[in-house]
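The values are calculated or read from the model by the stated rules, or taken from the named source; none is laboratory data. Quick caveat, the model's predicted, so the values are computed rather than measured. Cβ: placed from backbone, ideal geometry, glycine included. Neighbour counts: every protein chain shown.
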Amino acid sequence: MNIPGWLLVFALCLVSRLSAEQRPNIVLIIADDLAWDDSGPYGNERIRTPNLDRLAQEGMKFTRAILTASSCSPSRASIITGRYPHRTGAEELHWPVPGEKKTFVEKLRAAGYWTAAAGKWHLGKEIRDRFDLIRDVDTSGFQLPGGKAGQAGVFKETTEGDAKSGCTDWIPLLRERPKGRPFFLWLAALDPHRPYEEGILEQPHLPAAVRVAPYHPDTFGVRREYALYYDEISRLDKYTGLVISELRKQSILDETLVVFLSDNGRPFPRDKTSLYDSGIRTPFIIRYPPLVKAGSVCNRLISAVDIAPTLLEISGAQRGDTFDGVSFARLLEKPTGLPVRSYAFAEKNWHDYEDHSRAVRSEQFKYIRNYYNDLPPTPPADAVRGVTYKALRKLHASADLSATQGQLFWFPRPREELYNCSADPHELKNLADSPSHAKTLALMRDKLQKWERDTGDLVPELRTADEFDRQYGKPTPARVRPRWSKKKMVEAGLTAP
């Protein structure tokens, strides 16, 4: 039977209109420096996170969500472009995303979405035009300055009280959205990023109740620093709850896909900027009743580069060919289904201090390659200035560090590290020299090398000088050589474009 052309066109237009009406609103909430297991849904009941608890109870919790970097701006650049950090042009801390890079946001706009952002930006100025509206805490594109101001923990803009959370514009932005259109919100917190302060909660967390990682000293000072970090997590949880409440008040909660994750791990030694799970594994919760069963759990491996193609598939927007990831949309309906990927990859580049390390993770194992193993695994400068690192430094000077704590001062570091993440979740036992794991080591090494070749990942011929000294976190008086931009390095033929 032949169908008249006009009828076919009418039918296609009707399907298109209905699809547009059924497209979900999307709210992406990004924590700043929250470890994957530092909240109630992920087993730390010592931190008060009732709203995240409820979000997980009403949605799906992913247990193996892996970031591409454990450094703030490179991780965010990777999420928004759907590309690995070294393919974003913004792989080092504070490098802006180049204007020619594609993001998933303009794809949503082309599909009819109103797009807006509020809170921490940290992506530079050149991709701000992808959003219809931005209300960030720092219009220059970055949160904290470097040098002496960075050492002092001074914000570029004076903030008071909860404004330091980075979340105070979230609800006003949600209320200003145009009605009758699907919308996408990029809601980025400053919590629980350092610097910490007392008195932000009426009932602060008590040092005696915190859970100290085995590679940190269990002292009162360390516990107190953890407690202040916990307080900021609870403040972030409050604003997450306010977003959910506002969506419910507007009668659009069940029409909105809510995603919660962190940009990197806990801002403590051996966590943030490391390639251990405490640095690159993220809490990842999705609530969307039309696809996601309440209280479900997905143990499959996903990567931060998979977020962009997944949101585009669910929204019905055109994907294009610039994204490195794969969609995990089918896992939302069947979390125990076949995996969407067997390996996730992550990288560490310059962040206050020079480094170049790479990692590949399967559901069970992690392999890390330290290219600059002549450098110690120094944490970020603000963590170096923190109480926990000072306690570690004191123990190191008196030779009282445990073997586990001593890994923070490895010098030189192992060229290769291999961990059984299932049996050794804190990644404390390096299996790279274990004969019984030689085949696993060879396999993971090969997977990483293939990924490096396929993505054009090269070791720089020149190193970027440290901005702070590695012992005390003070600004260096002079650099060995100026810090080169990616553009300048490409022009000089020192790295691939």
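Every residue in the stretch 369-381 that is in contact with a helix residue (DSSP H, G or I) (Cβ under 8 Å, 6 or more places away or on another chain) and either of a type outside the set (S, T, N, Q) or at positive phi (or both), please.
Our first condition is that a residue be in contact with a helix residue (DSSP H, G or I) (Cβ under 8 Å, 6 or more places away or on another chain); within the stretch 369-381, this holds for 369, 376-379, 381.
Once the filter is applied, which keeps residues that are in contact with a helix residue (DSSP H, G or I) (Cβ under 8 Å, 6 or more places away or on another chain) and either of a type outside the set (S, T, N, Q) or at positive phi (or both), the stretch 369-381 yields Arg369, Pro376, Pro377, Pro379, Ala381.
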Open item on the list: Residues that are in contact with a Lys or Arg (Cβ under 9 Å, 6 or more places away or on another chain), under 25 Å from Ala77 (Cβ atoms) and among the polar types (S, T, N, Q): does the stretch 299-313 have at least one?
Closed with: yes
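One line per residue, one yes/no per condition, for (1) in the same structural domain as Ala65 (by TED's automatic domain parsing); (2) more than 16 Å from Thr68 (Cα to Cα); (3) modelled with pLDDT under 95:
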{"position": "Pro309", "(1), (2), (3)": "yes, no, no"}
{"position": "Ile314", "(1), (2), (3)": "yes, yes, no"}
{"position": "Gln318", "(1), (2), (3)": "yes, yes, yes"}
{"position": "Thr336", "(1), (2), (3)": "no, yes, no"}
{"position": "Trp350", "(1), (2), (3)": "no, no, no"}
Task: Residue that is under 16 Å from the mean Cα position of the chain (by Cα), part of a loop (DSSP other than H, G, I, E, B) and either among the acidic types (Asp, Glu) or surrounded by fewer than 21 Cβ atoms within 10 Å (Cβ to Cβ) (or both), where the choices are Glu92, Glu100 - done: Glu92
Task: Out of Leu236, Leu253, sole residue that is free of Cβ contacts under 8 Å to residues at least 12 places away in the same chain and hydrophobic (A, V, I, L, M, F, W, C) - done: Leu253
Task: Some residue of the stretch 341-355 being free of Cβ contacts under 8 Å to residues at least 60 places away in the same chain and more than 24 Å from Glu452 (Cβ to Cβ) - done: no
Open item on the list: Condition (residue is within 23 Å of the chain's Cα centre (by Cα) and not hydroxyl-bearing (Ser, Thr, Tyr)) applied to the stretch 219-226: is it met by at least one residue?
Closed with: yes
- [ ] Could you figure out which of (1) under 23 Å from Glu347 (Cβ atoms); (2) in contact (Cβ under 8 Å) with a residue 24 or more places away in the chain isn't true of Arg453?
- [x] (2)
- [ ] Any residue in the stretch 369-396 that's farther than 12 Å from Phe468 by Cβ: show its pairings with residues that are in a helix (DSSP H, G or I) and of a type in the set (D, E, K, R) at Cβ separation under 8 Å, as long as the two are six or more apart or on different chains.
- [x] Arg369/Arg445; Gly386/Glu225; Val387/Arg224; Val387/Glu225; Thr388/Glu225
TODO: List every residue pair whose Cβ atoms sit under 7 Å apart, with the two residues 6 or more apart in sequence or on different chains, where the first one lies in the stretch 259-271 and is surrounded by fewer than 24 Cβ atoms within 10 Å (Cβ to Cβ) and the second, anywhere, is of a type in the set (Ser, Thr, Tyr) and assigned to a loop (DSSP other than H, G, I, E, B).
DONE: Leu261/Thr282
- [ ] Would you mind stating whether Lys366 is under 26 Å from the mean Cα position of the chain (by Cα) and at pLDDT 95 or above?
- [x] yes
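Here are Ala77, Ala118, Ala69: which of them is modelled with pLDDT of 95 or more, assigned to a strand (DSSP E or B), surrounded by 21 or more Cβ atoms within 10 Å (Cβ to Cβ) and among the aliphatic types (A, V, I, L, M)? Walk me through how you get there before you give the answer.
Working: Ala77 fails: assigned to a strand (DSSP E or B); Ala69 fails: assigned to a strand (DSSP E or B).
None of the other options fit; the residue is Ala118.
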Open item on the list: Take the residues in the stretch 397-428 that are assigned to a loop (DSSP other than H, G, I, E, B) and polar (S, T, N, Q); name whichever of them is nearest to the chain's Cα centre (by Cα).
Closed with: Ser422
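Quick check on my filter: what residues within the stretch 200-225 are assigned to a helix (DSSP H, G or I) and without any contact (Cβ under 8 Å) to a residue 60 or more places away in the chain? Don't jump to the end; show me each part of the working.
Here is the first cut: in the stretch 200-225, the ones assigned to a helix (DSSP H, G or I) are 207-209, 220-225.
Residues satisfying the conditions are Pro207, Ala208, Phe220, Arg223.
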Open item on the list: Filter the stretch 30-58 down to the residues that are out of contact with any Leu (no Cβ under 6 Å at 6 or more places or on another chain) and either among the acidic types (Asp, Glu) or modelled with pLDDT under 95 (or both) and list them by number.
Closed with: Asp33, Asp37, Asp38, Glu45, Asp53, Glu58
Open item on the list: Ser315 - would you say it is hydroxyl-bearing (Ser, Thr, Tyr) and out of contact with any helix residue (DSSP H, G or I) (no Cβ under 8 Å at 6 or more places or on another chain)?
Closed with: no
Task: One residue from Asp355, Asp324 being surrounded by fewer than 24 Cβ atoms within 10 Å (Cβ to Cβ), more than 26 Å from Arg181 (Cα to Cα) and at pLDDT 95 or above - done: Asp324
- [ ] Could you tell me whether the stretch 397-408 includes any residue that is under 18 Å from Ser278 (Cα atoms) and surrounded by fewer than 16 Cβ atoms within 10 Å (Cβ to Cβ)?
- [x] yes
